[in-house]
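Take a look at the structure below.
Coordinate-derived values only; no laboratory data. None of these values were measured; they are calculated from a predicted model. Cβ placement follows ideal geometry from the backbone for every residue including glycine, while neighbour counts extend to all protein chains displayed.
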Amino acid sequence: MQERLTGFKCKRCGRVTYPKHERCLSCRGTEFEEVGLGDECTLLTYTKLYALPEGIEMPPLTLGVVDFGGGVRALGQIISDDPKIGMKLRPVWGKLRKIGEEEMYGFKFEPAEKG
Amino acid sequence: MRDVAIIGCGMTKFGRIEGKNLMDLMVEASLRAIDDAGVGEEDFDSVYVGNMMAGELTHQTAIASALVDRINLIPAAAERVENGPASGASAVKNGFLAVASGASDLVLVAGGEKMTEADTDVITDLVSTMTHPTAEYVHGVTLPAMAALLTRLYMERYGLTERHLAMVAVKNHSNAMKNPYAHIQRPCTVEGAMSSVMIADPLRLYYACPISDGAAAVVLCPLEKAKEFADKPVRIAGFGHASDVQTLHEREDPAVLKSVQLASQRAFEMAKLKPKDIDVVETHDAFEILEIVQSEDAGFFEKGKGHLAVEKGVTALDGELPINPSGGLKARGHPVGATGVAQIVELVWQLRGEAGERQVKGAKRAFACNFGGFGNNTVIHILERVG
């Protein structure tokens with residue numbers, strides 16, 4: 001299990017990217033510091049996927065793009081039956097899907113305030 | 001650089017083609033293009049084959065070598081070009097560069113894919129592997145999911161509605177019914193599209209392209225030699241090719257297809273033309289939202305206004321700027337490696353005035369947009385009628 005969702009901060013220009021690039025997307029710098037993306041993000045867009053990929057059993061699978069501010073975003077599964085653009089979310093570790101026989105884990109996003 | 005002309009073109013019927021494998025389709029399209037150009041007795045210098053998944057789907061690799069063997073273009077320099085669903089346009093671009101540079105005088109470009117024998121799940125998964133392995137794919141992202149995320153952004157920001165997507169589908173179905181090569185040959189209504197099954201909310205089945213088999217081919221030579229072979233050569237006036245970050249979420253603005261903007265600007269600069277000079281367009285509408293977004297980011301309509309152009313009929317066959325007279329990926333079909341070449345074939349027919357019932361009257365200049373990923377790799381071509 002990973003403690004927190006992390007991005008990569010360029011040591012030359014400070015740009016944070018997620019996922020990692022071997023050269024910075026802004027300045028082509030090659031040294032990075034791993035930094036936490038934070039505990040709060042906002043839902044930018046989402047879809048409820050009914051035609052499911054392998055290893056996910058129950059439709060729909062809700063996927064969304066979340067915004068951490070400062071141009072840093074991530075894509076992931078959204079744990080909510082009623083997603084709304086602009087809702088506050090937080091990253092939470094969990095099982096994503098099975099690929100072949102392997103269970104894949106990673107960060108998903110759940111409402112920051114559980115109703 | 002030398003001016004480059006398209007002197008011949010041909011394609012197979014797109015659709016579920018029983019009894020013909022990938023190489024049979026590539027051979028058929030290639031022979032039609034060679035025959036159309038009237039260069040059956042000439043020596044070809046190079047052959048570019050656009051294909052994305054022959055190894056995975058049809059268990060055959062090094063297919064360019066196989067093609068020159070089947071139709072005896074030996075000893076032409078033969079190679080396969082893979083650039084995702086833009087493999088076809090990338091192959092055309094490579095053929096263009098080979099002639100423009102002076103390295104080749106006669107070039108065959110063929111694109112093809114055989115997809116319908118595989119399970120839909122297998123295709124969906126293979127196509128999904130174009131996405132980022134750890135930041136997208138593993139989370140369950142599919143291409144329909146990407147298109148749905150973009151669609152919802154557009155709805156939120158620009159007032160696009162589901163009805164607009166349905167209208168694009170209706171238009172493209174209607175155009176395809178005038179195209180004997182098209183996969184889908186039946187009409188569709190706005191209500192019918194809007195009641196089709198939901199695949200990735202807000203995206204329904206009818207807002208996405210089918211899975212198809214097919215191949216298409218063109219023959220290229222220097223423009224100065226084109227008149228020896230063709231009555232109506234078509235000049236490749238410009239191309240543009242640009243990439244962007246792989247993940248949707250890391251784009252400067254996830255609602256903007258920057259690679260389309262850049263590739264289009266480069267193509268227009270090279271052709272010394274502007275969007276208003278274009279008479280007919282083929283876009284990469286693997287999902288109907290993409291036709292709208294591409295038409296804006298290519299410069300034909302203001303950002304956020306593309307759906308209004310659809311609403312007003314501007315992009316209809318008899319509109320000011322017809323888009324996808326062939327039926328587009330939605331209805332001509334999308335055998336991925338063939339698509340970029342088929343777009344060029346359609347536009348050559350349009351510029352020669354040979355497009356039959358779907359002819360855009362008086363078309364002189366044409367624009368094609370082929371996508372090699374979900375918006376992160378775009379190849380544009382601009383074609384022009386000669387004389």
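Across chain B, Cα pairs under 8 Å and at least six residues apart give a relative contact order of 26 percent. Summing charges over neighbours of B:ALA331, with a neighbour being any other residue whose Cβ is under 10 Å away from its Cβ, gives +3 when K and R count +1 and D and E count -1. Under a model in which nothing but the beta-carbon of Lys, Arg (+1) and Asp, Glu (-1) is charged, the protein assembly as shown shows a dipole of about 1240 debye around its Cα centre.
Modelled this way, with points 7 Å down the Cα-to-C-beta line, the labels at B:SER195 and B:GLU311 are 2.4 nm from one another. The local environment of B:ALA200, defined by Cβ-Cβ distances under 11 Å, has a net charge of +2 under the rule Lys, Arg +1 and Asp, Glu -1. Which of B:ALA342, B:ALA298, B:THR315 sits closest to the plus end of the dipole of region B:296-343, meaning its Cα is farthest towards the positive end, when Lys and Arg get +1 and Asp and Glu get -1 on the C-beta? Checked the options; the winner is B:ALA342.
Of all DSSP-defined beta bridges confined to chain B, some 70% are antiparallel rather than parallel. Using C-alpha pairs under 8 Å with a sequence gap of at least 6, the mean separation divided by the residue count of region A:38-115 gives a relative contact order of 30 percent. Shape verdict for chain B, please, from the Cα gyration tensor: rounded (a/c under 1.5), prolate (a/b greater than b/c) or oblate. Prolate is the answer for chain B, as a/c is 1.5 or above and a/b outweighs b/c. Counted by Cβ distance under 13 Å from A:LEU96, the other residues give a net charge of -1, where Lys and Arg count +1 and Asp and Glu count -1. The dipole here belongs to region B:288-387: it is taken about the Cα centre, uses +1 on the Cβ of Lys and Arg and -1 on the Cβ of Asp and Glu, and is about 220 debye. The ranking of B:HIS249, B:HIS59 by Cβ neighbour count inside 10 Å, starting from the fewest, reads B:HIS59, B:HIS249.
Around the Cα centre of chain A, unit charges on the Cβ atoms of Lys, Arg, Asp and Glu (plus for the first two, minus for the last two) sum to a dipole of about 520 debye. DSSP assigns beta bridges within region A:38-115; of those with both partners inside it, close to 95 percent run antiparallel.
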